[in-house]
Amino acid sequence: MESAILDHQLRPATEGASGYLTINLGALARNYEKLSAEVAPARAAAVVKADAYGLGVEHVSEALYGYGCRHFFVAQFFEALRLRPLLSGDAQVFVLNGLQPGNECACAEAGIIPVINSLEHLHQWAGEAERLKRRLPAVLQFDTGMSRLGVPPEERTAIATLLKTSGMIEILFIMSHLASADDADSEQNGDQLAEMNRVAEEFSEFDVCFANSGGIFLGDAYHGTLARPGIALYGGAPTVGQPNPMEPVVHLDVAVVQVRTVPADVRVGYSGTHVTQGVTRLATIAAGYADGLLRSLSGKGAVYCDGIRLPIVGRVSMDSITVDITALPEGRLTLGSLVEVLGPHQTLEDVARDARTISYEILTGLGNRYQRRYR
Ligand SMILES: *Cc1c(COP(=O)(O)O)cnc(C)c1O
């Protein structure tokens, strides 16, 4: 955590950066409130794995705590170790991937709560509780049809038996994860809900945590007592192909490093994949695939200036992209001018579509070379 903050402080204060990633914590808070209202009387947790989807787990978690969030999910134990000391004792930090052999003791000591995904996990954690001679908390995840993480159906009986006989593990709630929640028409949602309800009957003493962002918008039946949104908090669309009810949180502007005018029949970028058709004005901007502007955007997608679309031409490089600025008045863009990559004219979903991926991959890939500003 310290190193991340230091890293940001070492950057040029506010001017002269190659790109500016603005994170609107007010919009984040409004998204949290909107999701909370949607699931009420259930509560909303926050999924802050992968550095809060790349937006900075310390700032994001602190802001969400301020707006009443008390349940924080990360994927890995080391992420939890980083986050735990930043939050007050009344907040809980959960590790979705659960325990790794060797980190049980550190997990217990730090007061971090593992998600138990298998009988093996439960044995590990119960063993640690025996060693420490105290009860340890956990969340129990069931596989309801995704075959990724969680207790498989054939282990349920053994899990129930071990919980009763050991008595050393305190299950805070049970959970499962939806595989197709972003597609409201997918039959898989209903199938998983039915399986989740069967599990909830078998383990009827526990509360249920089920919905991710998409699941929240599938209706009350999916809400349980705690929802686990990630992408919707950060402004991503929870449901594919429908208007996005969330407020954008991220704004990305990138600086121009060079402008030129070239005649017709000139090659642009690596491998000369683009050849100019006529006299063309080009700008090279200071972000590339190492900054999360994926190489699959080569010859696809665009950036914006004054609302005018500036298409990406040729290959995306590691540290730069060349765009066609012929549509702009001459002299509008010069060294240091900023163009919009994410903002009012281009959403996360637009960039994801052009890169043939999902908003999650764009957000988590933005990297740490931009100057970050938290509003
Ligand atoms: C990442 C993740 C979430 C959050 O999903 P979103 O689609 O971003 O809302 C919730 N639960 C689990 C288990 C996850 O892995």
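Nothing in this text is a laboratory measurement; each read-out follows from the coordinates by a stated rule. Predicted model only: the values in this text are computed from it and were never measured. Glycine also receives a Cβ, built like all others from the backbone with ideal geometry; neighbour counts cover every protein chain displayed.
Divide the volume of the convex hull of the Cα atoms of the chain by its number of residues and quote the answer in cubic angstrom per residue.
Details: hull volume 55.0 nm³, N = 375.
Given the Cα convex hull of the chain, per-residue volume reads 147 Å³.
Set Lys and Arg Cβ to +1 and Asp and Glu Cβ to -1, take the dipole of the chain about its Cα centre, and tell me which of 311, 168, 234 lies farthest positive.
It is 311, whose Cα lies furthest towards the positive end.
Can you list the chymotrypsin sites (Phe, Trp or Tyr not before Pro) in segment 45-108 that are in a DSSP coil and have 16 or fewer other beta carbons within 10 angstrom?
Numbers: sites: 53, 65, 67, 72, 73, 77, 78, 94; in loops: 67.
Those that pass, being in a loop and sparsely packed, are 67.
Quick one: angle between helix 156-166 and the longest Cα principal axis of the chain, in degrees between 0 and 90, rounded to 10, please.
Helix 156-166 and the main axis of the chain meet at about 60 degrees.
Can you tell me the orientation of helix 119-132 relative to the chain, as the angle in degrees between its alpha-carbon axis and the longest Cα principal axis, to the nearest 10?
Once rounded, one gets 70 degrees.
Mind giving me the nanometre distance, one decimal, between the label points for residue 30 and residue 220, set 7 Å out from Cα along Cα→Cβ?
2.8 nm
Using 0.36 nm per residue of separation minus the Cα-Cα distance, give me the extension gain between residue 109 and residue 40 in nm, one decimal. Please report the intermediate quantities before stating the final value.
Working: separation 69, 0.36 × 69 = 24.84 nm, distance 3.33 nm.
Extra length available between residue 109 and residue 40 comes to 21.5 nm.
Fewest to most neighbouring Cβ within 10 Å: what's the order for 196, 318, 146? Walk me through the numbers on the way to the answer.
Working: 196 23, 318 11, 146 14.
If I rank by nearby Cβ atoms, fewest first, I get 318, 146, 196.
Once R0 is set to 22 Å, what does the formula 1/(1 + (r/R0)^6) return for the Cβ-Cβ distance between residue 296 and residue 319, expressed as a FRET efficiency to the nearest 0.05? Kindly include the intermediate steps, with their values, before the conclusion.
On the way: r = 17 Å, r/R0 = 0.77.
The formula returns an efficiency of 0.85 here.
Which of the aspartates and glutamates could be linked to residue 34 by a straight reach, that is with a Cα gap under 13 Å, when you skip same-chain ones fewer than 8 residues away?
Result set, ordered by chain and number: 247.
Hey, what's the Kirkwood Rh for segment 15-167 if you take every pair of different alpha carbons, in angstrom? Write out the running numbers ahead of the final one.
On the way: mean 1/r = 0.0587 Å⁻¹.
Its Kirkwood hydrodynamic radius stands at 17.0 Å.
Tell me the angle of helix 25-39 to the major Cα principal axis of the chain, expressed in degrees between 0 and 90 and rounded to the nearest ten.
40 degrees
Enumerate the amide H contacts of residue 316 below 5 Å, restricted to partners 5 or more residues apart or on another chain; note that Pro and chain-start residues carry no placed amide H.
298, 299
Ranked highest first by average number of other Cβ atoms within 10 Å, how do 160-167, 34-41, 219-226 line up? Don't skip to the end; give the middle numbers.
Details: 160-167: 13.1, 34-41: 15.6, 219-226: 17.5.
Most protected by this proxy first, the peptides run 219-226, 34-41, 160-167.
Note the full-extension length gain between residue 187 and residue 161 as 0.36 nm times their separation in residues minus their Cα-Cα distance, in nm to one decimal. List each step's numbers first, then the result.
Details: separation 26, 0.36 × 26 = 9.36 nm, distance 3.25 nm.
Length gained between residue 187 and residue 161: 6.1 nm.
Could you rank the peptides 147-159, 290-302 by their average count of other C-beta atoms within 10 Å per residue, with the highest value first?
Numbers: 147-159: 15.1, 290-302: 19.8.
Going by the mean number of other Cβ atoms within 10 Å, highest first, we get 290-302, 147-159.
Might you report the magnitude of the Cβ-based charge dipole of the chain about its Cα centre, with Lys and Arg at +1 and Asp and Glu at -1, to the nearest 20 debye? Mind showing how you got there, number by number?
Numbers: 31 positive and 43 negative charges, 203 e Å.
Using only the charged Cβ atoms, the result is roughly 980 debye.
Applying a 10 Å radius around every beta-carbon, put 115-124, 269-278 in order of their mean neighbour count, most first.
Details: 115-124: 20.4, 269-278: 13.6.
Sorting 115-124, 269-278 by mean packing, highest first, produces 115-124, 269-278.
In debye, nearest 20: dipole of segment 25-234 around its Cα centre with unit charges on the Cβ of K, R (+) and D, E (-)? Don't jump to the answer; show the numbers that get you there.
On the way: 16 positive and 27 negative charges, 141 e Å.
Charge dipole of segment 25-234: 680 debye, to the nearest 20.
I'd like the distance separating the alpha-carbon centroids of segment 63-122 and segment 314-375, in whole Å.
34 Å
Which aspartates and glutamates have a Cα less than 14 Å from the Cα of residue 164, not counting those fewer than 8 places away in the same chain?
Straight-distance partners of residue 164: 202, 205.
Between residue 147 and residue 76, what FRET efficiency comes out of the Förster formula 1/(1 + (r/R0)^6) with R0 = 35 Å and r the beta carbon distance, rounded to 0.05? Intermediate results must be reported in sequence, preceding the final value.
On the way: r = 21 Å, r/R0 = 0.59.
Efficiency for this residue pair is about 0.95.
As a test, work out the antiparallel percent of DSSP beta bridges whose residues both lie in the chain, rounded to the nearest 5. Don't skip to the end; give the middle numbers.
On the way: 28 of 54 bridges.
Bridges in the chain that DSSP calls antiparallel: roughly 50 percent.
Treating only the Cβ of Lys, Arg, Asp and Glu as charged (+1, +1, -1, -1), what charge dipole size does segment 250-374 show about its Cα centre? Round to the nearest 20 debye.
Value, rounded to 20: 200 debye.
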